[in-house]
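This report refers to the structure that appears directly beneath it.
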Amino acid sequence: MSPITRYFLYVTLLLPFLGHAENGSQLWLRYVPVEKSVVNKRTIDLRATHAMAQLAQKELENYWAGQSVVLKLDKKLTRLKEGYVIKGNISRIELVAAEPVGLLYGAYHLLRLQEMGEDINHLQVEEIPDYDIRILNHWDNLDRTVERGYAGYSLWKWEELPHQLSPRYEQYARANASIGINATVLNNVNASPEILTSHYIVKVKALADVFRKYGIRVYLSANFSSPALLDGLADSDPSRKEVQDWWNTKVKEIYQHIPDFGGFLVKANSEGQPGPQDYGRTHADGANMLADALKPYGGVVMWRAFVYNPSEEDRAKQAYQEFVPLDGEFRDNVIIQIKNGPIDFQPREPFTPLFGAMQHTAQMIEFQITQEYLGFSNHLAYLAPLFKETLDADTYSAGEGSTVARVTDGSIWRHKKTAISAVANIGEDTNWTGHHFGQANWYAFGRLAWNHALSSEEIAREWIHMTFTGDADFVKPIQQMMIDSREAVVDYMMPLGLHHIFAFDHHYGPEPWGDRKGGRPDWMPWYYHNADTAGLGFDRTTTGSNAVSQYSEPLRSIFNTIETCPENLLLWFHHVPWTHSMKSGRTLWDELCFHYDRGVQEVRGFQKIWDKLEPYVDEQRFSEVQSKLKVQAKDAVWWKDACLLYFQTFSNMPIPYEIERPI
Ligand code: GCW
């Protein structure tokens, strides 16, 4: 090969590739710019002037290779909320929305169809979001560390703000808008009071100004003791006029800078955070004081129900016990934010019984996208099946069909605003989420917040198409791997309803034996697994902690009876004898061994699938995912061996021969 040919090959083949060397940074937004020849034949006709409508037009101008599009606003179509209608024939597509942001969402819808290679000749689309507020919660601290964050430091460069704006702020906003996310809480719920100082408010404003272009409102986590901590008030008692005035003044200042500020998220009287109970007041007293301050500006309070204390009472019961008596006492701009499960974002939990138990109070779900309990950013765990399990769970609180989705989206009890949230997995890493497949969980949350009826399979298919390739030989096996991945994690970490047997504090590996002298009993693994020579599991039946009583019938009886309790939650609700006969005919002990082993085998299977698909993936993403899968496979064996060898000291039964030997 002559040097000239070599140079030519280098420039044409290698350079474009080098240009994409950081291949995770584009997320699922890999639209190809349209060629000049197409642009000349096609018009993107905008009949509105709003900046967000212009942005929608620009996205289509740049990337829409199909027919001409007309974008129109029709304020009368209020039923659409932030949604849109798309109709089209061969030569012309019409995109109509009631709000400018609806045009932007509609534009991304069209681009998605294009990426997926869908037929766009006979479009009849009507999309209305299921929730009004679709919000990410960042647990980002002001020093840029991220609580339970595994993708590097926080995206928010506080020391550079407000003067310097990282280009990633806009990329973040665009990615969110492309999946319908319209709100974000910038800082950790373990909130530094500093965020509410004037010094920080101008920094928050700078971010809000960028995000607004994409229809995203900013919220802040507020520290309940801010009045005392920031301005030296004697206390932060919500019943005192001086404290109320402080909040009114602070809220006014925020709105002067950020006229569309969303409101506050509050973690109060939980894990050492201050709150109204410090002064003998209730959660309602605290939430209402903030709600009153925000009300004139249309702001909202998201008040968390994640409260528990070391006590004789089962931790799983405490949120219900504290909040149900307050039903009806909250202002209409307060929404109670409830984690999907009653303990804490475990690989599997039943839904929190508080859902549906407060009919006069707006409720919202809090999911966790960041994988605090699912292998950090090392393990591939596609979370749409976990999210769907909660959304689709029937609470029976207003009869059959009262799913968690329907008690929170306003279709059973109407509330002023509906919302859904998730703790973000985003950080400064080039690929945003640490693991390339972590991007799928951000994507899945956005899509489900928009339409909770979408299936995990559909969402995975979209994401794979847009992030990698639409080649069926790649899409099919990867989709299957993603669908299976969450259950694989449950199997090798905590099958059959086991929970919270994680290593202390950091929550990465197994530590079912953990017993720290003087530590909080409700933070010790044995509190949850209760292993003894008789059996395994937490007795939450009517003769145990009676947590089952917090569920509506027929669930209460189903969970309460060992024969009817779903086996995937058996050890959540029952202390089960080691020799108990499971549906498979195996003893509990053998079944436990079987699940741990299956989890390991599944991850080995993921490695094989991935290796085989190397030709479809760029080198960088291929090798990065490959290394993560190695770590995951090693960890899965670690979990299996550690848990089985530990529990065997109680069961005193042999590990079945067909199961891989501990190493
Ligand atoms: O389980 C805990 C996490 C904490 C987190 C807390 C919460 C923000 O381990 O890191 O604190 O949940 O949700 O408030």
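Since every read-out is calculated from the coordinates, none of them should be taken as a lab result. Predicted model only: the values in this text are computed from it and were never measured. Here Cβ is always computed from backbone atoms with ideal geometry, including for glycine, and neighbour counts include all displayed protein chains.
Taking a ≥ b ≥ c as the square roots of the eigenvalues of the Cα gyration tensor of the range 524-576, is the shape rounded (a/c under 1.5), prolate (a/b larger than b/c) or oblate?
It comes out prolate by the Cα gyration axes.
Using amide H atoms built 1.01 Å from N in the peptide plane, name the residues 5+ places from Tyr508, or on other chains, whose amide H lies under 5 Å from its own.
Amide H neighbours of Tyr508: Ala503.
Taking the Cα-to-Cβ direction at Asp471 and at Trp523 and moving 7 Å from each Cα, how far apart do the two end points lie in nm?
Output for this residue pair reads 5.0 nm.
Between His436, Pro350, Tyr279, whose Cα lies farthest towards the positive end of the dipole of the chain when Lys and Arg beta carbons carry +1 and Asp and Glu beta carbons carry -1, centred on the Cα centre?
The residue sitting farthest along the positive end of the dipole is His436.
Which one, Ala291, Ile258, Asn248, is farthest towards the positive end of the dipole of the range 189-301 when Lys and Arg carry +1 and Asp and Glu -1 on their Cβ?
Result: Ile258.
How about the range 609-663: which GluC sites (Glu not before Pro) there are in a DSSP loop, with at most 12 other Cβ atoms within 10 Å of their Cβ? Kindly include the intermediate steps, with their values, before the conclusion.
Values: sites: Glu619, Glu624, Glu658, Glu660; in loops: Glu658, Glu660.
Within the range 609-663, the qualifying GluC sites (Glu not before Pro) (loop, at most 12 other Cβ atoms within 10 Å) are Glu658.
In nm, what is the difference between 0.36 nm times the number of residues separating Val631 and Gln256 and their Cα-Cα distance?
Extra length available between Val631 and Gln256 comes to 130.1 nm.
Any of Lys267/Lys417; Lys157/Lys417; Lys608/Lys634; Lys317/Lys517 with alpha carbons more than 22 Å apart? Name them for me.
Pairs exceeding 22 Å: Lys157/Lys417; Lys317/Lys517.
Quick one: putting +1 on the C-beta of Lys and Arg, -1 on the C-beta of Asp and Glu, what dipole do you get for the range 133-467 around its Cα centre, in Debye to the nearest 20?
Using only the charged Cβ atoms, the result is roughly 960 debye.
With θ set to phi - 60° and the Karplus curve 6.51 cos²θ - 1.76 cosθ + 1.60, what are the ³J(HN,Hα) couplings of the range 267-280 in order, to the nearest whole Hz, using x for Gly and Pro?
Per residue, the Karplus-derived 3J(HN,Hα) values read 9, 10, 6, 9, 6, x, 6, x, x, x, 5, 4, 10, x Hz.
Along the Cα-to-C-beta direction of Thr43, a point sits 7 Å from the Cα; which residues of the range 60-87 have their amide N less than 17 Å from that point?
Residues passing the 17 Å test: 60-62, 66-73.
What is the calculated FRET efficiency for Ser557 to Glu457, with r their C-beta to C-beta distance and R₀ = 30 Å, to the nearest 0.05?
Values: r = 32 Å, r/R0 = 1.08.
In this case the efficiency is close to 0.40.
Looking at the square roots a ≥ b ≥ c of the eigenvalues of the Cα gyration tensor of the range 441-518, which shape do they give, rounded for a/c under 1.5, prolate if a/b is larger than b/c, or oblate? Can you show the working numbers first?
Details: a/c = 3.00, a/b = 2.30, b/c = 1.30.
Taking the square roots of the gyration eigenvalues as a ≥ b ≥ c, the range 441-518 is prolate.
For the pair His122/Gln601, report the inter-label distance in nm, with labels modelled 7 Å from Cα in the Cβ direction.
With each label point 7 Å from Cα toward Cβ, the separation is 4.6 nm.
With +1 on the Cβ of every Lys and Arg and -1 on the Cβ of every Asp and Glu, and nothing else charged, how large is the dipole of the chain about its Cα centre, in debye rounded to the nearest 20?
Numbers: 65 positive and 83 negative charges, 357 e Å.
Approximately 1720 debye in magnitude.
How large is ³J(HN,Hα), in whole Hz, for each residue of the range 311-328 in order, when computed from phi with the Karplus curve 6.51 cos²θ - 1.76 cosθ + 1.60 and θ = phi - 60°, using x for Gly and Pro?
Values, residue by residue: 7, 5, 7, 3, 4, 5, 9, 5, 4, 4, 4, 7, 8, 4, x, 8, 4, x Hz.
Averaging over all projection directions, find the projected area of the Cα convex hull of the chain and quote it in nm² with one decimal place.
Projected over every direction and averaged, the Cα hull of the chain covers 33.0 nm².
If I model a spin label as a point 7 Å beyond the Cα along the Cα-Cβ vector, how far apart are those points for Ser25 and Glu312 in nm?
Roughly 6.0 nm, to one decimal.
With a/c under 1.5 counting as rounded, go ahead and sort the range 31-127 into rounded, prolate or oblate using the C-alpha gyration tensor (a ≥ b ≥ c being the square roots of the eigenvalues; past the cut-off, prolate if a/b is larger than b/c, else oblate).
prolate
For n ≥ 4 DSSP H runs only, could you compute -39500 (n - 2.57) per run for the chain, divide by its residues and tell me the 222 nm figure to the nearest 500?
Working: 21 runs with 249 residues, N = 663.
Mean residue ellipticity at 222 nm (helix-derived): -11500 deg cm²/dmol.
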